[in-house]
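Novice: Dropping a structure here in structure tokens format, bear with me for questions.
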Amino acid sequence: GLRSMPARYLFMDEIDGYPGDVEGEGDPILLAERRSATFQRRRKVFLVSTPTVKGISRIQREFEGSDQRYYHVPCPHCGHYQPLRFTGLRWPEGEPRQAAYVCEACEELIDEHHKTAMLAGGRWVASAESDGRTIGYHLSSLYSPVGWFSWADAAGGGYVITGSGSSILTNGGDIISG
């Protein structure tokens, strides 16, 4: 159970899908985190999830309290490092299979075959101040290796940009990233 044993290491997956209350005892994340209190600064708590509804997403709340790291990849044309965002995809109208990514610095189109080298040359960049102990990573489907979820899949998927464009929510509830 969530209240019987101390735990130095916690791994909680798909936390946005957790119920708000476990059998009248409270939030399952808080209950699990209490199990690590014995270890104080030596504990490791790892929370993973696909964000759901902006504003009530648990993983969004946790990420906003972190140093908010995004994976920046180099442009194969100019070397500029940038995070991949859905808004950077370009394709001719009605032809999502021709999707490419536009560099935010040199504005050259980047074909997806460059992605393997871009991923290998990437680095995590913190974008916010935190308490110095809380690290948060954000990685969208646009980073999927070649042969997995492609930029063409993203372009042709009928995604709807929600809110300020900071997240892309599909009909199935998957987040890409804006």
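The values are calculated or read from the model by the stated rules, or taken from the named source; none is laboratory data. Note that this is a predicted model, so its numbers are computed, not measured. Neighbour counts run over all protein chains shown; Cβ positions are idealised from the backbone, glycine included. Protein only, heavy atoms only, side chains kept; ligands, DNA and RNA dropped before computing areas. Shrake-Rupley method; radii C 1.70, N 1.55, O 1.52, S 1.80 Å.
Novice: Test HIS72 against the stated conditions and say whether it is surrounded by fewer than 15 Cβ atoms within 10 Å (Cβ to Cβ) and not small (Gly, Ala, Ser).
Specialist: Working: surrounded by fewer than 15 Cβ atoms within 10 Å (Cβ to Cβ): no; not small (Gly, Ala, Ser): yes.
Spelling it out, it is not the case that HIS72 is surrounded by fewer than 15 Cβ atoms within 10 Å (Cβ to Cβ) and not small (Gly, Ala, Ser).
Novice: Of all residues in segment 113-140, which are assigned to a loop (DSSP other than H, G, I, E, B), without any contact (Cβ under 8 Å) to a residue 40 or more places away in the chain and surrounded by 13 or more Cβ atoms within 10 Å (Cβ to Cβ)?
Specialist: Listed by number, the list is empty, since nothing qualifies.
Novice: Now a separate question. Of all residues in segment 77-95, count the ones that are over 23 Å from the mean Cα position of the chain (by Cα) and buried (at least 16 other Cβ atoms within 10 Å of the Cβ).
Specialist: 1
Novice: Collect the residues in segment 1-16 that are surrounded by 12 or more Cβ atoms within 10 Å (Cβ to Cβ), in contact with a Lys or Arg (Cβ under 9 Å, 6 or more places away or on another chain) and not in a loop (DSSP other than H, G, I, E, B), keeping them in residue-number order. Walk me through it before giving the result.
Specialist: Of the residues in segment 1-16, the ones surrounded by 12 or more Cβ atoms within 10 Å (Cβ to Cβ) are 2, 7-8, 10, 12, 14-16.
If we keep only those that are in contact with a Lys or Arg (Cβ under 9 Å, 6 or more places away or on another chain) too, we end up with 2, 7-8, 10, 15-16.
Answer for segment 1-16, where residues must be surrounded by 12 or more Cβ atoms within 10 Å (Cβ to Cβ), in contact with a Lys or Arg (Cβ under 9 Å, 6 or more places away or on another chain) and not in a loop (DSSP other than H, G, I, E, B): LEU10, ILE15, ASP16.
Novice: Of all residues in segment 21-54, how many are open to solvent by 60 Å² or more (accessible area, probe 1.4 Å), in a loop (DSSP other than H, G, I, E, B) and not aliphatic (A, V, I, L, M)? Walk me through it before giving the result.
Specialist: In the first step, residues of segment 21-54 are kept if they are open to solvent by 60 Å² or more (accessible area, probe 1.4 Å); the result is 21, 23-25, 30, 34-35, 38, 40-44, 46, 52-54.
Of the ones still in play, those that are also in a loop (DSSP other than H, G, I, E, B) are 21, 23-25, 35, 43, 52-54.
Pick out the ones that are also not aliphatic (A, V, I, L, M) and you get 21, 23-25, 35, 43, 52, 54.
Number of matching residues: 8.
Novice: Do we have ASP16 as more than 29 Å from ALA105 (Cα to Cα) and of a type in the set (D, E, K, R) here? So that I can check it myself, show each step before the final result.
Specialist: Working: more than 29 Å from ALA105 (Cα to Cα): yes; of a type in the set (D, E, K, R): yes.
In short, yes.
Novice: Go over the candidates ARG42, ARG35, ARG8 one by one and state the one that is among the basic types (Lys, Arg) and under 18 Å from ASP131 (Cβ atoms). Full working, then the answer.
Specialist: Numbers: ARG35 fails: under 18 Å from ASP131 (Cβ atoms); ARG8 fails: under 18 Å from ASP131 (Cβ atoms).
ARG42 is the lone residue from the list that is among the basic types (Lys, Arg) and under 18 Å from ASP131 (Cβ atoms).
Novice: Could you list all residues from segment 141-154 that are open to solvent by less than 70 Å² (accessible area, probe 1.4 Å) and part of a loop (DSSP other than H, G, I, E, B)?
Specialist: First, pick out the residues of segment 141-154 that are open to solvent by less than 70 Å² (accessible area, probe 1.4 Å): 141-145, 149-154.
SER144, PRO145, PHE149, SER150 - these are the residues of segment 141-154 that are open to solvent by less than 70 Å² (accessible area, probe 1.4 Å) and part of a loop (DSSP other than H, G, I, E, B).
Novice: So is ASP67 buried (at least 18 other Cβ atoms within 10 Å of the Cβ) and not in a helix (DSSP H, G or I) or not? Working first, answer last.
Specialist: Numbers: buried (at least 18 other Cβ atoms within 10 Å of the Cβ): yes; not in a helix (DSSP H, G or I): yes.
The answer is yes for ASP67.
Novice: Do we have GLU104 as part of a helix (DSSP H, G or I), of a type outside the set (A, V, I, L, M, F, W, C), in contact with a Gly (Cβ under 8 Å, 6 or more places away or on another chain) and surrounded by 13 or more Cβ atoms within 10 Å (Cβ to Cβ) here?
Specialist: On the way: part of a helix (DSSP H, G or I): no; of a type outside the set (A, V, I, L, M, F, W, C): yes; in contact with a Gly (Cβ under 8 Å, 6 or more places away or on another chain): yes; surrounded by 13 or more Cβ atoms within 10 Å (Cβ to Cβ): yes.
The answer is no for GLU104.
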